[in-house]
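Before any comments, here is the structure.
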Amino acid sequence: MAEKNKITVPDELKSTVAVTDIQEVFDGNLIEKAYNWGRRNSVWPMFFGLACCAIEMISTAASRFDLSRFGMEVMRPSPRQSDLLIISGTVTKKMLPAIVRLYNQMPEPKYVIAMGACASGGGPFKEGYNVIAGIDKYLPVDVYVPGCPPTPQALLFGLMKLQEKIDNQKISETSWYDKENAGDPIPIPVLGPDIMDPKDFDKIRKQAKG
Ligand code: SF4
């Protein structure tokens with residue numbers, strides 16, 4: 001009898017139609033799957049470029065490579081409206097405090113992609129006096145995209161890897177729904193003698209006067 005009433009979904013609709021019952025909704029984590037499906041197909045990257053890699057990121061968003069196929073075409077110019085920070089280029093010591101500040105301003109759940117050799121480990125400028133040897137020393141990185149610069153196809157592959165990560169996230173295990181363990185903002189780093197904290201300007205002026 002059960003076999004007789006079984007609903008068969010045609011192959012071409014299987015990716016968009018789910019036939020289920022109320023038991024499976026709760027036992028099979030269907031709510032979580034639907035939630036993750038919505039998140040993975042509507043990631044909003046921040047419109048934020050750092051160096052040469054940013055040109056490839058912009059190309060990825062243009063018509064030839066077409067980020068909208070992944071639901072990611074809505075690049076936002078504000079961290080408050082973004083859930084993905086693509087570190088697309090060389091991270092200098094001077095820029096790092098601004099990047100961490102932007103990351104802290106993004107709402108959870110949020111993700112970081114290190115795009116290219118510079119963002120992942122310093123690239124050709126590694127050990128340079130003014131360059132950070134990888135953004136992962138300061139921010140949690142979800143996906144690394146190798147290359148100098150990575151091609152738009154490589155960045156798209158990285159974005160698909162991020163989608164896989166989102167697919168496997170469980171609401172019950174993520175820190176952003178856990179009030180107790182939501183985590184504090186990342187401290188703003190102040191690096192090198194040439195970087196000054198604006199709060200210290202008065203002190204610095206006094207010292208400069210001798
Ligand atoms: S990885 Fe290469 S292309 Fe990308 S920012 Fe560094 S030097 Fe430029």
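Under 9 Å by Cβ, and 6 or more places apart or on different chains, what pairs join a residue from the stretch 115-142 that is free of Cβ contacts under 8 Å to residues at least 12 places away in the same chain with one that is part of a loop (DSSP other than H, G, I, E, B) and near the ligand (Cβ under 7 Å from one of its atoms)?
As it stands, the answer is Gly128/Thr90, since those pairs meet every condition given.
Give me the residue from the stretch 142-156 that is within 12 Å of the ligand (Cβ to nearest atom) and either assigned to a strand (DSSP E or B) or aliphatic (A, V, I, L, M) (or both) and, out of that set, nearest to Ala54 (Cα to Cα).
Filtering the stretch 142-156 for residues within 12 Å of the ligand (Cβ to nearest atom) gives 144-151, 154-155.
Still in the running and either assigned to a strand (DSSP E or B) or aliphatic (A, V, I, L, M) (or both): 144-145, 154-155.
Details: Tyr144: 15, Val145: 13, Ala154: 13, Leu155: 11 Å.
For the stretch 142-156, the residue satisfying everything is Leu155.
Of all residues in the stretch 123-138 being more than 9 Å from the ligand (Cβ to nearest atom) and crowded, with 19+ Cβ neighbours inside 10 Å, which is farthest from Ser42 (Cα to Cα)? Before the answer, list the steps.
Quick first cut of the stretch 123-138, residues more than 9 Å from the ligand (Cβ to nearest atom) only: 126-138.
Okay, now just the ones that are also crowded, with 19+ Cβ neighbours inside 10 Å, so 131-132, 134-135, 138.
Numbers: Val131: 33, Ile132: 31, Gly134: 27, Ile135: 25, Tyr138: 26 Å.
Ranking the candidates gives Val131 first.
Take Tyr111 and decide whether it is open to solvent by 70 Å² or more (accessible area, probe 1.4 Å), aromatic (Phe, Trp, Tyr) and within 25 Å of Trp37 (Cα to Cα).
no
Among the numbered criteria (1) touching a strand residue (DSSP E or B) at 6+ places or on another chain (Cβ under 7 Å); (2) open to solvent by less than 30 Å² (accessible area, probe 1.4 Å), which one does Leu50 miss?
(2)
Check the stretch 169-190 and report whether any residue there is within 16 Å of the ligand (Cβ to nearest atom) and closer than 30 Å to Phe70 by Cβ.
no
Cβ-Cβ under 8 Å, sequence separation 6+ or interchain: first residue in the stretch 143-159 and farther than 8 Å from Ile113 by Cα, partner within 11 Å of the ligand (Cβ to nearest atom) and open to solvent by 60 Å² or more (accessible area, probe 1.4 Å). Which pairs?
Cys148/Pro124; Pro149/Cys52; Pro149/Ile55; Ala154/Pro146
Can you pull out every residue in the stretch 141-181 that is basic (Lys, Arg) and open to solvent by 90 Å² or more (accessible area, probe 1.4 Å)? Quick ask: steps written out before the conclusion?
Taking the stretch 141-181 first, the residues basic (Lys, Arg) are 161, 165, 170, 179.
Selection gives Lys179 alone.
Within the stretch 54-75, is there a residue that is within 16 Å of the ligand (Cβ to nearest atom), open to solvent by 60 Å² or more (accessible area, probe 1.4 Å), out of contact with any His (no Cβ under 8 Å at 6 or more places or on another chain) and not in a strand (DSSP E or B)?
Residues of the stretch 54-75 that are within 16 Å of the ligand (Cβ to nearest atom), as a first pass: 54-60.
Pick out the ones that are also open to solvent by 60 Å² or more (accessible area, probe 1.4 Å) and you get 55, 58.
In the following step, the residues that additionally are out of contact with any His (no Cβ under 8 Å at 6 or more places or on another chain) were identified as 55, 58.
With not in a strand (DSSP E or B) added as a condition, the list becomes 55, 58.
Yes, some residue in the stretch 54-75 is within 16 Å of the ligand (Cβ to nearest atom), open to solvent by 60 Å² or more (accessible area, probe 1.4 Å), out of contact with any His (no Cβ under 8 Å at 6 or more places or on another chain) and not in a strand (DSSP E or B).
Inside the stretch 76-86, can you point out the residues that are of a type in the set (Gly, Ala, Ser) and surrounded by fewer than 21 Cβ atoms within 10 Å (Cβ to Cβ)? Outline the logic, then answer.
Here is the first cut: in the stretch 76-86, the residues of a type in the set (Gly, Ala, Ser) are 78, 82.
Once the filter is applied, which keeps residues that are of a type in the set (Gly, Ala, Ser) and surrounded by fewer than 21 Cβ atoms within 10 Å (Cβ to Cβ), the stretch 76-86 yields only Ser78.
So Ala119 passes all but one of these: (1) surrounded by 12 or more Cβ atoms within 10 Å (Cβ to Cβ); (2) over 19 Å from the mean Cα position of the chain (by Cα); (3) within 28 Å of Pro77 (Cβ to Cβ). Which condition number does it fail?
Only one criterion in (1) surrounded by 12 or more Cβ atoms within 10 Å (Cβ to Cβ); (2) over 19 Å from the mean Cα position of the chain (by Cα); (3) within 28 Å of Pro77 (Cβ to Cβ) is unmet by Ala119, namely (2).
Of the residues in the stretch 38-47, how many are of a type in the set (A, V, I, L, M, F, W, C) and open to solvent by less than 30 Å² (accessible area, probe 1.4 Å)?
Initial filter on the stretch 38-47 (of a type in the set (A, V, I, L, M, F, W, C)): 43-44, 46-47.
Within this subset, residues satisfying the condition of being open to solvent by less than 30 Å² (accessible area, probe 1.4 Å) are 43, 46.
Residues meeting the conditions: 2.
The values are calculated or read from the model by the stated rules, or taken from the named source; none is laboratory data. As the structure is a computational prediction, the values presented were derived from the model and not from experiment. Heads up, the Cβs are rebuilt from the backbone with ideal geometry, glycines too, and the neighbour counts pull from every protein chain shown. Note: accessible area is taken over every heavy atom of the protein model, side chains too, but ligands, DNA and RNA are not part of it. Shrake-Rupley method; radii C 1.70, N 1.55, O 1.52, S 1.80 Å.
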